[in-house]
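Here the structure is laid out as structure tokens; the discussion comes afterwards.
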Amino acid sequence: MENNDNDNSNNNQEHNWWHYVLYEKFYENSNITKFNLGRKLFNKRAISYFDIEDRTVEAVVFDGKKGYFEVEIEFKPIAGILREKLMELIKDRMDHVLDIINGKFSKEFYEELKENGIEIFPGWANFSYKCNCKKSKKCDHVATVLHRIINEVTFNPILIFELRGISIENIYQIILDDDDFELSDIELPKELTNSYYDVGRTPHDEASIKVARYYGNDIPFTDADDIKESYLRFSQIYHGKIRDEFYDIYEDITRYLKQNIKKF
């Protein structure tokens, strides 16, 4: 059984090798304690907001207690002669680039990039960052966001090129040999939009309810105007926090019962 687990691990590392390369890049020169804390926060789904715009990543991280911290990471682009070389390689190796767009990064292409002096995977020296926790450099909140980036790149390796200043639009311009090419906005089918699944709501009309018919007597008319609308419509943002608080309460109750059960 142990051999099967090892075999599966090796297969995963071979299949998604870029995940492990980027992980090592971020791990190297990090604050190891903070980096590991960041992994734990990421696994607890502590990121309540995450956005990538070109080379900039913005996120909000919940610390598991009471604080929400804003993190911004900006990656340095591959520039100058190295950028020109990279563009030439993209043009000459379109098959590999198309594979990357489709979620598979060829190790052969990565080795060719390195042979030309291009390290596409960034380390700490290749990005700047800030967090409003102001506790220390290379804090656990920044590390949490780095783990999220690793996760995104695992399933979408083309993202690593975008973070280094080579957008998907740049790549299509090369593939199509059209410097003026622009990606058009994609309009999703209505079945894939959130609004399509909004639950309809009928007007509240107490006048139509005949209370006496069911209870034998009337009850006072209720004014529902002061009832506030729930703000948990986007509860998926906070589900990690809610889950943790629930288990804390559950563990407290369990501990109390174990301590006092003999008294009854």
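The values are calculated or read from the model by the stated rules, or taken from the named source; none is laboratory data. Because the structure is a prediction, the values reported are computed rather than measured. All Cβ positions, even for glycine, are placed from backbone atoms using ideal geometry, and neighbour counts span all protein chains on display.
Couple of notes before you dig in:
- The number of residues in the stretch 8-45 being over 20 Å from residue 126 (Cβ atoms), modelled with pLDDT of 90 or more and among the hydroxyl-bearing types (Ser, Thr, Tyr) comes to 1.
- Test: residue 48 is in a strand (DSSP E or B) and at pLDDT below 90: yes
- Residue within the stretch 145-157 that is crowded, with 20+ Cβ neighbours inside 10 Å and more than 16 Å from residue 50 (Cβ to Cβ) present: yes
- Residue 169 being charged (D, E, K, R), modelled with pLDDT of 90 or more, surrounded by fewer than 19 Cβ atoms within 10 Å (Cβ to Cβ) and part of a helix (DSSP H, G or I): no
- Being surrounded by fewer than 17 Cβ atoms within 10 Å (Cβ to Cβ), of a type in the set (Val, Ile, Thr), under 27 Å from residue 175 (Cβ atoms) and in the same structural domain as residue 152 (by TED's automatic domain parsing) is true of residue 81.
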